[in-house]
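The values are calculated or read from the model by the stated rules, or taken from the named source; none is laboratory data. Worth saying up front: this structure is predicted, and the values here are computed from it rather than measured. Cβ atoms come from the backbone with ideal geometry, glycine included; neighbour counts cover every protein chain shown.
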Amino acid sequence: MGGFFRDVYCVVRMIPPGRVATYGQIATYLGSPHAARTVGWALGALPAGTSVPWHRVINALGRISASRSGHRADQQRAMLEEEDVVFDESGRIDLKKHGWKGPR
DNA sequence: CGTATGACGAGCC
DNA sequence: AGGCTCGCCATAC
């Protein structure tokens, strides 16, 4: 289709509120289990105010990785807490509890 | 067409 | 448990 990005956005849009998915999980779903970095790159290309729930995507450690070049990490955490996602003392999410199991 | 980049992941120390 | 290194993939230049 238009490209890998569009596919990434399509999958991210499927993630329901209160659930989170990892970059690798999305990459695997798209058929490229080793393209996790590219997934993160696709999300980083999203403009502010996008309809894509990019905040529901975190790394395999259950942690937010967006703090690199912008304070979006703080915003991401706030948005997730709005959806009842729980963070532990280390700022990590329990993927066993909030992890997205995929589309049904 | 070759090199560099990037919101990752798994392995090793 | 926490931090560092190498590997992988899809765009940009």
Handout entry: Which numbered condition A:Asp74 fails, given (1) away from DNA strand C (no atom under 16 Å from the Cβ); (2) exposed (fewer than 12 other Cβ atoms within 10 Å of the Cβ); (3) modelled with pLDDT under 95
Key = (2)
Practice task
Please tell me if A:Arg37 is at negative phi and either in contact (Cβ under 8 Å) with a residue 40 or more places away in the chain or within 16 Å of DNA strand C (Cβ to nearest atom) (or both).
Solution key: yes
Completion exercise
The helices (runs of 4 or more DSSP H) lying entirely within region A:1-80 that contain at least 3 residues which are within 7 Å of DNA strand B (Cβ to nearest atom) and out of contact with any helix residue (DSSP H, G or I) (no Cβ under 7 Å at 6 or more places or on another chain) are A:36-44
Problem - Any chance A:Asp88 is away from DNA strand C (no atom under 16 Å from the Cβ) and either exposed (fewer than 15 other Cβ atoms within 10 Å of the Cβ) or at pLDDT 95 or above (or both) - result: no
